[in-house]
Amino acid sequence: MAILYQEKERIFTLHTNKTTYQMKVDEFGFLLHLYYGAKLSGNMDYLLTYYDRGFSGNPSDVGSDRTYSMDVQPQEYPGLGIGDYRSSALIIRNTDQSYCCDLRYKSHTIRNGKYALQGLPAVYADDSEAQTLEIVLEDAVSKVQVALLYGVLDQADIITRSAEIRNCGTGSICVKKAASACLDFVEGTYDLLSFWGRHTMERNLERQEIGHCDHVIGSRRGTSSHQYNPAVVIARKDATEDYGDCYGMVFVYSGNFMFEAEKDQFEQTRVIMGLHSDILHYPLKQGETLVIPETILSFSNKGFGALSSQFHRCIRNHICRGKYQHQPRPVLVNSWEAAYFNFNGETICQLAKDAAELGIDMVVMDDGWFGKREDDNSGLGDWQVNEKKLGCTLGELIQKVNGLGVRFGIWIEPEMVSEDSNLYRKHPDWVLQVPNREPVRGRNQLVLDFSRKEVRNDIFEEICSILDQGNIEYVKWDMNRSIADVYSIENSQGRVAYDYVLGVYDFLENLLQKYPNILIEGCSGGGGRFDAGMMYYTPQIWCSDNTDAIDRVRIQYGTSFFYPVSTVGSHVSAIPNHQTGRSVSLSTRGVVAMAGTFGYELDLAKITDAEKDEIRQQIQQYKHYEELVREGNYYRLSNPFQDEYAAWLFVSEDEKRALLNVVMLAIHGNMAVNYVKLKGLCADAVYEAIGTGKQYYGSALMQAGLPMPVQQGEYLAYQIEFIQQ
Ligand code: GLA
């Protein structure tokens, strides 16, 4: 049993393979957090301390005892107005306009299987793999109930948390702030590892100490954003890639989020993950419920590498779904960087011909095939094929492509509309826009109000009528702006941002139900919505609009802290690179793109015969490694922000096969040798390096490392396969 309840002590213990999480209902009904970390035995309520702390409030239940204060006690789900002056997990405006929320234990249930969330993506698992604990807390006056949900996947070392806010009172209330997880640490100094970025430079790792202030990261952009990824690591000061205690928190949501970390007056640390409170004002009438998106928690005492591996498995096996979850993904060539808007049917057919010749599985026709769409200023929303531009119907084009032995995929951006479009002219009231104000434009486009079913249904039918025109096997679902005009003519303002995201999920779910064989790749100007929420619907996401191999090793490094390689869209593009102007060899570009769902993003007609030969070989090589890359264990072997090289390794589950990847980031005269130390091998086994035939013990490769060649040339890459003998 992963979840234990001790009736007398009212202690809940959640055990996974290597971790323990414990909480207790105290004599006043408060749900106190006792412990989360490496597995242990016993009741941890002895950690709770009680002292008279000046200016910390005492609940009336304790009478004249000044040593009991919620300002000090570690809690599972702190509310406002109970004498806890730290950040709250929940803020509600009650019917009487007060903000007080005093949550006490009411009941609990333990059941087999993992809970699901209405309208939201969440970790899923078989009944044999997971258990659910539901603890209901209640405010005795407002009758607001909060159901705290805990999912325990013991073998995966994963604990998920979510909350359902239920208005069981008689009047209307408003949810102003709501989190799915709060963790209180009674001692220790912690660092926050967060992943900030911008368009074409996502998920840069930043490590900072959690000090005596409220550290807040998040998104108000309507999407999870390029700027901050909804996933963080909380690490003990001494934790490193291979050593030490660290906690990961991944928010399974694709909209506005907020993460807070605070060290309080008694050196205790509180971290909270939930919806962003700035744009939340969610009304709940009597009997209504708001479901807060899930946070996935995991702990490791073996550093960031082990923590990442726990998240990779969880996302690969318990978030990603569908036909392609554990299947090879097509090697594709995408028309975007090949031709941008400047293509016709012939261009696509030529791309397909070249693809067939090179062994590329699929051609993806990116933006520009519909409506009046010669650039990015018009046409969005008019999902009618521009047959004049293609020179044929979509069905005929697909037949031609398929006739060449190449599969066909297409780009869409269903959430958007251009003002210069028939859809906008017909339904100007379908966009998110504040009355009497000019809209904020992004890429000269507006956002459709996906919180409205009528709007979603219309676009759904348009998209289906495209997908029904031929054998479309892949869809790239894009979303190319941040949301600014958060106003719906139909839905109350404080709920639009949340309802919008649920609308997107609803659309995607319906699409998957109707077209279970189509592979959907997510995208939002590259990696602007690269989150576990989207991965529930789209098992791969275009990782960044930056295809420069050297920038990409850094972007993919940050991405790898939580997200498995099987979710990372990565392509070889032309040189000089379109985003940076940098030129890197085809071989290096190939090695970097192979740390993802491999493909190409260039005009195959413009490359030399020698390059064609190399691409043919590259694809064969990728197919040879594909399963190892997709399902193998991934190890970071360097920090490309600091080291002279970027190195990463894939090792098969049975440790029999490994693939080392190294990209040199620096070159100097008379350079010192870099020794790359491998990980995750069987120490006592002998491995042969394919190609050189040299043999090494696993222990040698891991402890002493492998010298990298000192060779002239910038950004050289090495890929070495090792087979256990
Ligand atoms: C976004 C995507 C690109 C491409 C363009 C098309 O920027 O990230 O890959 O699809 O849109 O307009």
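Ordering Ile575, Ile607, Ile135 by accessible surface, largest first, gives Ile575, Ile607, Ile135; the 1.4 Å probe counts only protein heavy atoms, with every chain in place. Would you give the gap between the C-alpha center of segment 179-245 and the C-alpha center of segment 704-725, rounded to a whole Å? First find each Cα centre; the distance between them is then 33 Å.
May I ask for the Kirkwood hydrodynamic radius of segment 348-443, worked out over all distinct Cα pairs and given in angstroms to one decimal? Evaluated over segment 348-443, this radius sits at 15.1 Å.
Using a 1.4 Å probe over the heavy atoms of the protein chains, calculate the carbon and sulfur portion of the accessible area of the chain as a whole percent. So the carbon and sulfur contribution to the accessible surface is 47 percent.
Of the residues Lys263, Lys677, the one with the largest accessible area comes first in the ranking Lys677, Lys263, computed with a 1.4 Å probe on protein heavy atoms. Distances between every pair of Cα atoms in segment 469-561, grouped in 10 Å steps from 0 to the bin holding the largest one, split as 14, 38, 31, 15, 1 percent.
Across segment 400-460, the mean sequence separation of Cα contacts (distance under 8 Å, 6 or more residues apart), normalised by length, yields a relative contact order of 31 percent. Please give the Cα centre distance for segment 455-487 versus segment 537-575, rounded to the nearest Å. Each part reduced to its Cα centre gives a spacing of 23 Å.
Cα-Cα over 31 Å: which of Lys323/Lys677; Lys353/Lys623; Lys389/Lys612; Lys263/Lys677; Lys114/Lys514? With Cα atoms farther than 31 Å apart: Lys323/Lys677; Lys263/Lys677.
Ranked by solvent-accessible area (1.4 Å probe, protein heavy atoms only, all chains present), the residues Arg220, Arg316 order from largest to smallest as Arg220, Arg316. When +1 charges are put on Lys and Arg Cβ atoms and -1 charges on Asp and Glu Cβ atoms, the dipole computed for segment 150-308 relative to its Cα centre reaches about 660 debye. With a ≥ b ≥ c the root eigenvalues of the C-alpha gyration tensor of the chain, is it rounded (a/c under 1.5), prolate (a/b larger than b/c) or oblate? Note, shape of the chain comes out oblate. For the chain, find the longest principal axis of its Cα atoms and tell me its angle to the long axis of helix 549-559, 0 to 90°, nearest 10. Taking the Cα atoms of the chain, the angle to 549-559 is about 30 degrees.
Placing R0 at 60 angstrom, the Cβ-Cβ distance between Ser107 and Tyr675 gives a FRET efficiency of 0.55 after rounding to 0.05. Taking the Cα atoms only, what angle lies between the long axis of helix 493-514 and the longest principal axis of the chain, rounded to 10 degrees? Roughly 50 degrees, rounded to the nearest 10.
Accessible surface for Lys453 stands near 110 Å², nearest 10, in the context of the full protein assembly shown (1.4 Å probe). Considering only alpha-carbon pairs that sit under 8 angstrom and 6 or more positions apart, the relative contact order computed for segment 53-137 is 20 percent. Highest average first, the peptides 698-706, 539-547, 287-295 ordered by how many other beta carbon atoms sit within 10 Å of their residues are 539-547, 287-295, 698-706. A 1.4 Å probe run over the protein chains yields, for segment 293-355, 29 Å² of accessible area per residue, whole-number rounding. Taken about its Cα centre, the chain carries a charge dipole of roughly 180 debye when the Cβ of each Lys and Arg holds +1 and the Cβ of each Asp and Glu holds -1. Note on Lys18: lysines with a C-alpha under 17 Å away, same-chain residues under 8 apart excluded, are Lys39, Lys302.
Averaging the sequence gap over all C-alpha pairs within less than 8 Å and six or more residues apart, then dividing by the number of residues, gives the chain a relative contact order of 10 percent. Taking all protein chains as shown and a probe of 1.4 angstrom, Tyr5 keeps an accessible surface of around 60 Å². For segment 430-511, the gyration tensor built on C-alpha atoms gives a prolate shape. Its axis ratio a/c (a ≥ b ≥ c) is at least 1.5, and a/b is the larger of a/b and b/c. Length available on full extension from Glu267 to Arg441: 0.36 nm per residue minus the Cα-Cα distance, which gives 58.2 nm. When nucleic acids and ligands are ignored and a 1.4 Å probe is applied, Arg66 ends up with an accessible area of around 150 Å². Principal-axis analysis of the Cα atoms of the chain puts helix 394-403 at an angle of about 70° to the longest axis. Cα centroids of segment 666-702 and segment 52-76: how far apart, whole angstrom? So the separation of the two Cα centres works out to 58 Å. Give the shape of segment 101-242 as rounded, prolate or oblate, defined through the alpha-carbon gyration tensor: a ≥ b ≥ c are the square roots of its eigenvalues, a/c under 1.5 means rounded, and otherwise the shape is prolate if a/b is larger than b/c and oblate if not. Because a/c hits 1.5 or more and a/b exceeds b/c, segment 101-242 counts as prolate. Note on segment 530-598: Rg/Rh from Cα positions, Kirkwood definition for Rh, rounded to two decimals, is 0.98.
The values are calculated or read from the model by the stated rules, or taken from the named source; none is laboratory data. Given the structure is predicted, the values throughout are model-derived calculations rather than measurements. All Cβ positions, glycine included, derive from the backbone under ideal geometry; neighbour counts span all protein chains shown. Ligands, DNA and RNA are stripped out before the accessible areas are found, and what is left, the full protein with its side chains, is counted by its heavy atoms. Shrake-Rupley method; radii C 1.70, N 1.55, O 1.52, S 1.80 Å.
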